[in-house]
Amino acid sequence: MSKANLYLSLVGRYPIITDQMTAKRLLVILREMERVIVDRDIEGEIVEFGCYSGTTSLFMERLLQAHNSNNKLLYVYDSFEGLPDKSIKDASVAGTAFKAGELKATKRQLIKNFKQAGLRLPVIHKGWFSDLKESDMPSTIAFGLLDGDFYDSIMDSLKLVWPRLAPNGSIVVDDYDKSNLPGVTRALNDFFKNQNVRIRHEHDLAIIRNNLR
Ligand SMILES: C[S@@+](CC[C@H](N)C(=O)[O-])C[C@H]1O[C@@H](n2cnc3c(N)ncnc32)[C@H](O)[C@@H]1O
C-alpha cells in the first residue's frame, strides 16, 4: 500500500469501540487527517474537542503512528462530565434527546482504552471548553475534530481552534446538518458568516480547509 491511504487499512482492522462513530464517518475523518499530515505535510498538532472514551482519538493516534508522525501530538479535550445544558440554539424537533450529563465517559476509561490498545497517551485536558486557557492549547494546529454536539460547545471549540489552524490545515465537525442536533450547523454558519470559507458536507460531517492564510 502506498504511504498515502494507510488510513484505509486501519478502519476494519481495529474495533470502533462505541456507537459514537461509524466506519463511514471515520474513513472521512482519517482521510482528511492523512491529507493534512502526509500529502500536505502541514505543521502543527492534532486536536479533538469532545473525545468521550476515545472512539475516534484511538484511530487518530494510530494514524500518526502508521506514518511515523510521532513529532505530532494528539491533544484531547472533554468535560468528562458528559454534555452541558442545551441552549435555545439547540432546540429541535427531537425534543428531549441529548440531555445534560449524557455521553459521560471518565478520563480513567479513556486512558485505559489507549493503554489496552498499546498506544501512546494523548495530552488530555479535562474541563469545559469555555474554561480552557491559552496554555491548554497547542500554538499551531494541523488538524482538528470537533464533536461537542451543541451550539455553544461547537462555537467555543471553533473560537479556540480556527485562529490556531495552520495554512492548509483542516477541521472536521461531526453532526453537520443533522436535524436532532441543529446547534452544530447554526454554530458553523454563525462563526463563518461573512468569511470566504467553503464548508464541504460528507456523511454528517462538515469539512473546512484553511485556504485563507
Ligand atoms: C458525541 S461525544 C464525542 C464522541 C467522540 N468524539 C468519540 O469519537 O467517541 C460528545 C463529547 O463532548 C463532550 N462535550 C460536549 N460539550 C462540551 C463542552 N462544552 N466542554 C467539554 N466537553 C464537552 C461530552 O462530554 C462528550 O464526551
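The values are calculated or read from the model by the stated rules, or taken from the named source; none is laboratory data. If you're wondering where the values come from, they're calculated on a predicted model, not measured in any experiment. Ideal geometry is used to build each Cβ from the backbone, glycine not excepted, and the neighbour counts take in all protein chains shown.
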- prompt: Does Lys178 count as within 16 Å of the ligand (Cβ to nearest atom) and more than 18 Å from Leu27 (Cα to Cα)?
  reply: yes
When restricted to Leu26, Leu10, the only residue crowded, with 18+ Cβ neighbours inside 10 Å and touching a strand residue (DSSP E or B) at 6+ places or on another chain (Cβ under 6 Å) is Leu26
Worksheet item: Regarding Ala100, is this residue crowded, with 20+ Cβ neighbours inside 10 Å and either more than 16 Å from the chain's Cα centre (by Cα) or not in a helix (DSSP H, G or I) (or both)?
Response: no
Counting only helices (runs of 4 or more DSSP H) wholly inside region 1-80, the ones holding at least 3 residues that are on the phi > 0 side of the Ramachandran plot are none
Taking region 73-102 and keeping only residues that are more than 30 Å from Ile42 (Cα to Cα), of a type in the set (A, V, I, L, M) and at pLDDT 95 or above, one is left with Leu83
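Residue-by-condition table, conditions (1) within 15 Å of the chain's Cα centre (by Cα); (2) at pLDDT 95 or above; (3) near the ligand (Cβ under 8 Å from one of its atoms); (4) more than 24 Å from Arg209 (Cβ to Cβ):
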position: His125; (1), (2), (3), (4): yes, yes, no, yes
position: Phe129; (1), (2), (3), (4): yes, yes, yes, no
position: Ser139; (1), (2), (3), (4): no, yes, no, no
position: Ala142; (1), (2), (3), (4): yes, yes, no, no
position: Asp147; (1), (2), (3), (4): yes, yes, yes, no
position: Asp156; (1), (2), (3), (4): yes, yes, yes, no
position: Trp162; (1), (2), (3), (4): yes, yes, no, no
For region 113-132, the count of residues that are of a type in the set (A, V, I, L, M) and buried (at least 21 other Cβ atoms within 10 Å of the Cβ) equals 0
Check your understanding: Has region 31-47 got at least one residue that is within 11 Å of the ligand (Cβ to nearest atom) and buried (at least 20 other Cβ atoms within 10 Å of the Cβ)?
Key -> no
When restricted to Ser135, Ser153, the only residue surrounded by fewer than 17 Cβ atoms within 10 Å (Cβ to Cβ) and either more than 15 Å from Glu48 (Cβ to Cβ) or in contact (Cβ under 8 Å) with a residue 60 or more places away in the chain (or both) is Ser135
Practice problem: Kindly establish whether Asn168 is surrounded by fewer than 17 Cβ atoms within 10 Å (Cβ to Cβ) and not in a helix (DSSP H, G or I). | Solution: no
Scan region 196-206 and tell me whether some residue there is of a type in the set (Gly, Ala, Ser), touching a helix residue (DSSP H, G or I) at 6+ places or on another chain (Cβ under 7 Å) and under 24 Å from Pro138 (Cβ atoms).
yes
The residue that is surrounded by the most Cβ atoms within 10 Å (Cβ to Cβ), considering only those in region 74-97 that are within 19 Å of Leu26 (Cα to Cα) and more than 10 Å from the ligand (Cβ to nearest atom), is Leu74
Checked region 38-56 for anything in contact with a strand residue (DSSP E or B) (Cβ under 7 Å, 6 or more places away or on another chain) and farther than 17 Å from Gly82 by Cα; matches are Arg40, Ile42, Glu43, Gly44, Glu45, Ile46, Val47
